[in-house]
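Here the structure is laid out as structure tokens; the discussion comes afterwards.
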Amino acid sequence: MQAEALEILRCGIAMGMFSEPGPDGLPKYVWSLDDTGETYEAKLIPGTKNYKGYRFEEEDPMRADVLKSWKRRIITT
């Protein structure tokens with residue numbers, strides 16, 4: 001499970017789906033999709049270099065934004 005979560009995080013970073021880096025050089029948020037198309041948000045745990053990830057619920061408006069941005073990035077690559 002942890003390996004899968006790390007792969008989802010890496011994929012989001014590779015696609016450029018992250019917020020502006022903070023003073024420590026790490027983005028506060030990373031957004032990504034898994035192999036089945038589920039959308040996720042990873043949030044940096046303050047004072048660490050670790051992230052906590054969450055799956056977006058269907059009704060969350062941010063889910064639609066992540067999907068739209070992801071599709072746009074796939075088309076342009």
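The values are calculated or read from the model by the stated rules, or taken from the named source; none is laboratory data. Everything numeric in this text was worked out from a predicted model, so none of it was measured. FYI the Cβ positions are ideal-geometry reconstructions off the backbone, even for glycines, and counts take in every protein chain you see. Remember, those area values only see protein heavy atoms, side chains included, never the ligands or the DNA or RNA. Shrake-Rupley method; radii C 1.70, N 1.55, O 1.52, S 1.80 Å.
Among the residues of the stretch 19-51 satisfying the criterion of being of a type in the set (Lys, Arg) and in a loop (DSSP other than H, G, I, E, B), which is surrounded by the fewest Cβ atoms within 10 Å (Cβ to Cβ)? Give the steps one after another, and end with the answer.
Step one: of the stretch 19-51, the residues of a type in the set (Lys, Arg) are 28, 43, 49.
Narrowing the set further to residues that are in a loop (DSSP other than H, G, I, E, B) leaves 28, 49.
Values: Lys28: 15, Lys49: 9.
Result: Lys49.
For the stretch 1-55, the set of residues classified as polar (S, T, N, Q) and out of contact with any Lys or Arg (no Cβ under 9 Å at 6 or more places or on another chain) consists of Gln2, Thr36, Thr48, Asn50, listed by residue number.
Scanning the stretch 52-77 for residues that are of a type outside the set (A, V, I, L, M, F, W, C), within 12 Å of Thr39 (Cβ to Cβ), open to solvent by 50 Å² or more (accessible area, probe 1.4 Å) and part of a helix (DSSP H, G or I) yields Pro61, Asp65, Lys68, Lys71.
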